[in-house]
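Student: Quick one: this structure, given as structure tokens, is what I'll be asking you about.
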Amino acid sequence: MTKYRQHFLFVMAAMLALTVACKKPQPPIAKPTPPPPSAASDANRPPAPPTPVSEPRPVPPEPVAEDPISARDIGDINKNSPFQPVFFLLDSSEVDKTAQQALNANAEILKKYPSWVITIEGHADERGTAEYNLALGERRALSARTYLVSLGISSDRLRTVSYGKEFPFDPGHDEAAWAKNRRAQFVLTSK
Amino acid sequence: MTSLRTCSTIVTLACGLALGLSAQQPPPVAPPQSQQSDVSMVIRNSGDPSLPPKIAVPQFLALTNDAETQAAAKTIADVLWDDLEFEKEYYMIPRDTYRSIPQPASLGQVPLDRWKELNADALLVGSVAKTPTGISVSIRLISVSSGASAMAREYSGSAASIQANPVRVYAHTIADEVHKEQRGLNGNARTKIAFSSDRDGERIRGPLSDRGVSNIYMADYDGARQQRVTISRSLDITPVWSPDGKTIAFASWRTGYQDLYLLFPYGGSPIQNPTKGTAEKQSWLPAWSPDGSRIAFTSSRDGNAEIYVMNRDGSNIQRLTNHPLIDSTPTWSPTGTQIAFTSDRSGTPQIYTINADGTQLQQITRESYCDRPTWSPAPLNEIAYSARAGGGNIIKVFDFATRSTRALTDNVGNSESPAFSPNGRHVAFVSSRAGKEQIFTIHRDGSGLRQITRTGTNRYPHWSR
């Protein structure tokens with residue numbers, strides 16, 4: 001193996017390691033960095049003809065400003081929200097296991113972007129009465145907030161608002177629709 | 001019959017104030033000066049005085065031949081028949097049965113024999129004349145057996161001073177006066193129902209998705225003359241009339257969170273924001289005290305939904321309840337000494353009462369799910385509320401006198417958000433029985449269901465005094 005070839009492989013390995021290391025802190029919805037040209041397939045290839053001497057140019061470190069999420073404006077982020085909604089049982093504002101998983105993921109995003117302030121919207125399905133649902137939606141939003149605070153998110157980054165049953169996610173009138181409508185949604189308010 | 005005393009009372013239909021979006025009709029027309037009570041007789045059922053008298057309302061005479069007067073004569077009689085039918089104080093003889101009876105040349109030449117054949121106890125006849133500024137309407141309530149006038153009145157006003165179908169206001173005024181003079185009843189014909197609606201289909205680009213806008217509307221008690229009274233790019237809901245009928249308190253998300261506002265649909269002030277809320281100090285579901293000086297409401301300002309009372313200018317906020325579970329949806333007793341509300345402190349939402357000073361908590365309902373208590377006006381002492389039944393909710397009424405509960409509506413569709421009429425004899429509510437949620441009214445005995453909105457989704461009715 002030529003000296004150049006050794007050098008090339010070393011750089012490729014370093015890039016791969018760097019890429020893997022970089023991948024970890026990405027939030028769930030961030031686009032994964034494209035894998036580098038595969039070193040393994042390169043190795044199986046017949047030796048390449050001598051190539052002109054050159055040094056692979058390292059990819060500049062990704063500045064925070066070019067973070068695929070934080071680079072977008074608030075409206076864009078909310079339209080394709082990184083936050084997962086949380087769902088509740090009928091007449092309930094209890095944060096169950098599934099809801100905890102969603103909130104854990106949301107908390108990771110909030111930890112990654114410590115300047116973000118969000119509004120937690122509480123919603124209810126149409127079976128409850130409109131008036132009680134205003135308070136129930138509020139209690140659902142507060143439950144989600146309490147859980148996020150328990151994960152270390154500062155409460156002053158977490159506003160709440162209830163819309164009762166005014167804004168169903170699914171306009172249907174069956175259990176599948178109701179289950180989607182008993183929810184808390186997370187809106188980026190400022191960053 | 002001896003001397004027939006008649007007296008004309010001129011009711012001037014005052015000018016409405018045009019303000020912003022809503023050039024509206026005036027507040028309920030001032031009653032005529034009642035110094036001359038000219039009721040010379042009370043019409044009774046000639047067969048059995050305990051039964052409602054039987055009344056006919058033939059088409060009013062148009063004293064001029066122009067189309068406007070002809071139309072007014074027809075509309076007033078039609079609306080008047082409906083207004084009288086609504087309170088059930090009279091048996092209203094169906095109008096089809098007397099279309100063949102010819103109109104007399106004047107109110108003094110009514111062919112009594114023909115009306116006796118119909119078994120009518122009384123006739124409410126009227127005439128409409130064009131005046132330089134509008135119309136003038138004369139009515140007589142005539143006893144069919146004697147031919148005597150039990151009531152005679154004259155009404156005039158500028159048609160132009162009342163927006164949209166002003167002639168209906170003449171009919172409503174006549175109906176209220178007949179009920180008052182003849183039956184001692186405060187009629188509801190000049191009352192208004194406020195509600196929220198998304199009928200204009202406006203949408204706002206929300207942070208997560210496009211969402212419908214809802215605004216406050218008001219209509220005559222019978223659903224006629226609906227008009228929009230707020231312009232919001234948000235949700236405006238839960239309108240409630242002040243006891244004097246001049247102010248509507250409502251909740252809106254116009255700043256991004258729930259807060260309370262006061263609207264003056266007939267002018268007098270721009271919209272006020274007595275609670276001056278913040279994201280941490282949200283308020284909703286306002287309810288006026290019977291004297292109009294205070295507003296009870298729900299707020300999460302101390303961490304979760306509790307009942308508070310404030311002066312109408314937002315001063316002197318007092319917390320009335322203190323429980324980690326939900327306390328919401330207050331309504332005042334007719335005397336203003338108690339407040340009923342919804343709480344889920346027992347595990348499910350139920351109706352409770354508490355003294356206005358925060359003492360004497362009492363649980364009223366023990367059902368699966370109850371909400372939106374609405375205390376009746378005096379002299380009744382009842383609470384209407386929505387209760388879960390089957391897959392939806394129905395309207396029920398709890399009577400304090402007998403400690404008993406009755407169902408007011410069937411369980412077709414979902415029914416909720418009851419509101420009493422000012423005389424306590426009717427309840428407006430929301431129902432999905434005809435598809436989208438619409439406003440309906442029903443008599444307190446469960447009869448006489450009427451649908452009063454048909455466009456868009458309409459919610460949160462509240463009846464003005």
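The values are calculated or read from the model by the stated rules, or taken from the named source; none is laboratory data. All values derive from a computational prediction rather than experimental measurement. Here the Cβ positions follow ideal geometry from the backbone for every residue, glycine too, while neighbour counts run over all protein chains shown.
Student: What number of residues within the range B:326-338 satisfy the criterion of being closer than 17 Å to B:Asp357 by Cβ and either touching a Pro at 6+ places or on another chain (Cβ under 6 Å) or crowded, with 17+ Cβ neighbours inside 10 Å (or both)?
Tutor: 7
Student: Please verify whether B:Ser293 is touching a strand residue (DSSP E or B) at 6+ places or on another chain (Cβ under 6 Å) and free of Cβ contacts under 8 Å to residues at least 40 places away in the same chain, treating the condition exactly as stated.
Tutor: So B:Ser293 does not fit the description; no.
Student: Still on this model: Of all residues in the range B:298-310, which are crowded, with 21+ Cβ neighbours inside 10 Å and within 17 Å of A:Leu136 (Cα to Cα)?
Tutor: The answer is B:Thr298, B:Ser299, B:Ser300, B:Ala305, B:Glu306, B:Ile307.
Student: Follow-up question, since we're still on this one. So, in the range B:309-334, exactly how many residues are within 20 Å of B:Pro418 (Cβ to Cβ) and among the β-branched types (Val, Ile, Thr)?
Tutor: Total meeting the criteria: 3.
Student: In contact (Cβ under 8 Å) with a residue 12 or more places away in the chain, surrounded by 21 or more Cβ atoms within 10 Å (Cβ to Cβ), over 30 Å from B:Val430 (Cα atoms) and of a type in the set (Gly, Ala, Ser): does that describe A:Ala144?
Tutor: Taking the combined requirement at face value, the residue satisfies it.
Student: Same structure again: Specify the residue that is nearest to the chain's Cα centre (by Cα); the eligible residues are those in the range B:173-215 that are surrounded by 22 or more Cβ atoms within 10 Å (Cβ to Cβ) and under 27 Å from A:Ile120 (Cβ atoms).
Tutor: B:Ser196
Student: A further question on this structure: Are there any pairs, at least 6 apart or on different chains, whose C-beta atoms fall under 8 Å, with the first in the range B:357-385 and away from chain A (no Cβ under 13 Å) and at positive phi and the second part of a strand (DSSP E or B) and among the hydroxyl-bearing types (Ser, Thr, Tyr), and if so, which?
Tutor: B:Gln360/B:Thr353
Student: Suppose we filter the range A:135-184 for residues that are within 22 Å of B:Asp236 (Cβ to Cβ) and of a type in the set (Lys, Arg); how many remain?
Tutor: Looking only at that region, the number is 2.
Student: Could you tell me which residue of the range B:282-292 is nearest to the other protein chains (Cβ to nearest Cβ), considering only residues that are farther than 17 Å from B:Leu235 by Cβ and either small (Gly, Ala, Ser) or surrounded by 15 or more Cβ atoms within 10 Å (Cβ to Cβ) (or both)?
Tutor: Of everything passing the filter in the range B:282-292, B:Ala287 is nearest to the other protein chains (Cβ to nearest Cβ).
Student: Here is a follow-up. Among the listed residues B:Arg211, B:Arg199, which satisfies the condition of being touching a Phe, Trp or Tyr at 6+ places or on another chain (Cβ under 8 Å) and outside any loop (DSSP other than H, G, I, E, B)?
Tutor: B:Arg211
Student: Condition (residue is surrounded by fewer than 23 Cβ atoms within 10 Å (Cβ to Cβ), acidic (Asp, Glu), under 22 Å from B:Leu320 (Cβ atoms) and modelled with pLDDT under 95) applied to the range B:354-363: is it met by at least one residue?
Tutor: Among the residues of the range B:354-363, at least one is surrounded by fewer than 23 Cβ atoms within 10 Å (Cβ to Cβ), acidic (Asp, Glu), under 22 Å from B:Leu320 (Cβ atoms) and modelled with pLDDT under 95, which makes the answer yes.
Student: Of all residues in the range B:64-111, how many are among the charged types (D, E, K, R), surrounded by fewer than 22 Cβ atoms within 10 Å (Cβ to Cβ) and assigned to a helix (DSSP H, G or I)?
Tutor: Counting residues in the range B:64-111 that are among the charged types (D, E, K, R), surrounded by fewer than 22 Cβ atoms within 10 Å (Cβ to Cβ) and assigned to a helix (DSSP H, G or I) gives 7.
Student: Go through the range B:343-353 and give me each residue that's within 14 Å of chain A (Cβ to nearest Cβ) and surrounded by fewer than 20 Cβ atoms within 10 Å (Cβ to Cβ).
Tutor: Once the filter is applied, which keeps residues that are within 14 Å of chain A (Cβ to nearest Cβ) and surrounded by fewer than 20 Cβ atoms within 10 Å (Cβ to Cβ), the range B:343-353 yields B:Arg345, B:Ser346, B:Gly347, B:Thr348.
Student: Checking the structure you have, find out if any residue of the range B:400-415 is closer than 20 Å to B:Ser196 by Cβ and either assigned by TED's automatic domain parsing to the domain that holds B:Glu89 or of a type in the set (S, T, N, Q) (or both).
Tutor: yes
Student: Also, I was wondering about something else. May I ask you to say which residue of B:Asp327, B:Asp302 is acidic (Asp, Glu) and either more than 11 Å from every other protein chain (Cβ to nearest Cβ) or without any contact (Cβ under 8 Å) to a residue 24 or more places away in the chain (or both)?
Tutor: Result: B:Asp302 is the single residue among B:Asp327, B:Asp302 that is acidic (Asp, Glu) and either more than 11 Å from every other protein chain (Cβ to nearest Cβ) or without any contact (Cβ under 8 Å) to a residue 24 or more places away in the chain (or both).
Student: Please specify each residue of the range B:262-278 satisfying the condition of being within 14 Å of chain A (Cβ to nearest Cβ) and surrounded by 15 or more Cβ atoms within 10 Å (Cβ to Cβ).
Tutor: Matches in the range B:262-278: B:Gly277 only.
Student: For the range B:388-403, state whether one or more residues are small (Gly, Ala, Ser) and buried (at least 24 other Cβ atoms within 10 Å of the Cβ).
Tutor: no
Student: Take B:Val427 and decide whether it is modelled with pLDDT under 95 and away from every other protein chain (no Cβ under 12 Å).
Tutor: no
Student: Sticking with this structure for a sec: Exactly one condition in (1) buried (at least 19 other Cβ atoms within 10 Å of the Cβ); (2) touching a Lys or Arg at 6+ places or on another chain (Cβ under 8 Å); (3) in contact (Cβ under 8 Å) with a residue 60 or more places away in the chain is false for B:Leu61; which is it?
Tutor: Of the numbered conditions (1) buried (at least 19 other Cβ atoms within 10 Å of the Cβ); (2) touching a Lys or Arg at 6+ places or on another chain (Cβ under 8 Å); (3) in contact (Cβ under 8 Å) with a residue 60 or more places away in the chain, the odd one out for B:Leu61 is (2).
Student: Still on this structure, please answer the following. Among the residues of the range B:378-396, write down those that are under 19 Å from B:Ala287 (Cα atoms) and either outside the structural domain of B:His443 (by TED's automatic domain parsing) or modelled with pLDDT of 95 or more (or both).
Tutor: B:Asn381, B:Glu382, B:Ile383, B:Ala384, B:Tyr385, B:Ser386 - these are the residues of the range B:378-396 that are under 19 Å from B:Ala287 (Cα atoms) and either outside the structural domain of B:His443 (by TED's automatic domain parsing) or modelled with pLDDT of 95 or more (or both).
Student: A further question follows. What are the residues in the range B:330-342 that are of a type outside the set (Phe, Trp, Tyr), assigned to a strand (DSSP E or B) and away from chain A (no Cβ under 14 Å), if any?
Tutor: Scanning the range B:330-342 gives B:Gln338, B:Ile339.
Student: Does A:Glu175 qualify as being free of Cβ contacts under 8 Å to residues at least 24 places away in the same chain and over 14 Å from B:Leu285 (Cβ atoms)?
Tutor: Yes: the conditions hold for A:Glu175.
Student: Away from every other protein chain (no Cβ under 14 Å), crowded, with 24+ Cβ neighbours inside 10 Å, under 24 Å from B:Gly358 (Cα atoms) and at pLDDT 95 or above, is that true of B:Ile295?
Tutor: Yes; evaluated as a whole, the condition is true for this residue.
Student: OK, next. So which residues in the range B:315-325 are assigned to a loop (DSSP other than H, G, I, E, B) and either under 20 Å from B:Asp357 (Cβ atoms) or not assigned by TED's automatic domain parsing to the domain that holds B:Gln258 (or both), if there are any at all?
Tutor: Answer for the range B:315-325, where residues must be assigned to a loop (DSSP other than H, G, I, E, B) and either under 20 Å from B:Asp357 (Cβ atoms) or not assigned by TED's automatic domain parsing to the domain that holds B:Gln258 (or both): B:Ser315, B:Asn316, B:Ile317, B:Leu320, B:Thr321, B:Asn322, B:His323.
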